[in-house]
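Single-structure report; data block below.
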Amino acid sequence: MIRIEHLGIAVSNMNESITLFENLLNTKCYKTEGVESEGVKTAFFQVGESKIELLEATNPESPIAKYLAKQGQGIHHIAFEVDNIETELERLKSLEFVLIHEIPKRGADNKRIAFLHPKSTNGVLIELCQEM
Ligand code: ZN
């Protein structure tokens, strides 16, 4: 793992949350992007070497909608940047971590991503990401 690339935060109202985080961080949101396959809209803020990613559901079947219904707003996942996502998934699988995605998929912000199941990571949803 190279570094914490971003923290993902589930929000119920993107526009209100963008304003809140712009005020909190004293920096402008530099990008918003939809990920159709995940039913999610994202917004990004740079914080030093890492980022904050806000996540809002765009349909009721979206994993974020289900998360919000169950847990409410809050920290949703931690994303670690890796050099080679396939190699890292192989390594983690061999150590019996449970992969949600065996094959990396396209995520927001020009990344290939894959998630690990929180049941194998002390309840924390972990994202691996690699710059495309
Ligand atoms: Zn993420």
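Worth a mention:
- Meets criteria (open to solvent by less than 50 Å² (accessible area, probe 1.4 Å), on the phi < 0 side of the Ramachandran plot and touching a Gly at 6+ places or on another chain (Cβ under 6 Å)) for Ser62: yes
- Filter result for Phe97 (touching a strand residue (DSSP E or B) at 6+ places or on another chain (Cβ under 6 Å) and farther than 22 Å from Gly123 by Cα): no
- Per-region count, the range 4-39, residues in contact with a Ser or Thr (Cβ under 8 Å, 6 or more places away or on another chain), within 15 Å of Ser50 (Cβ to Cβ) and open to solvent by 70 Å² or more (accessible area, probe 1.4 Å): 1
- Top-ranked residue in the range 81-98 [being touching a Leu at 6+ places or on another chain (Cβ under 9 Å) and closer than 19 Å to Leu7 by Cα; ranked as most open to solvent (accessible area, probe 1.4 Å)]: Glu81
- Selection count where residues are away from the ligand (no atom under 16 Å from the Cβ), in contact with a strand residue (DSSP E or B) (Cβ under 6 Å, 6 or more places away or on another chain) and either of a type outside the set (Val, Ile, Thr) or in a loop (DSSP other than H, G, I, E, B) (or both), scope the range 2-26: 1
The values are calculated or read from the model by the stated rules, or taken from the named source; none is laboratory data. The structure displayed is predicted, hence computed values, not measured ones. Note: ideal-geometry Cβ built from the backbone for every residue, glycine included; neighbour counts use all protein chains shown. With ligands, DNA and RNA removed, areas are computed over all heavy atoms of the protein, side chains included. Shrake-Rupley method; radii C 1.70, N 1.55, O 1.52, S 1.80 Å.
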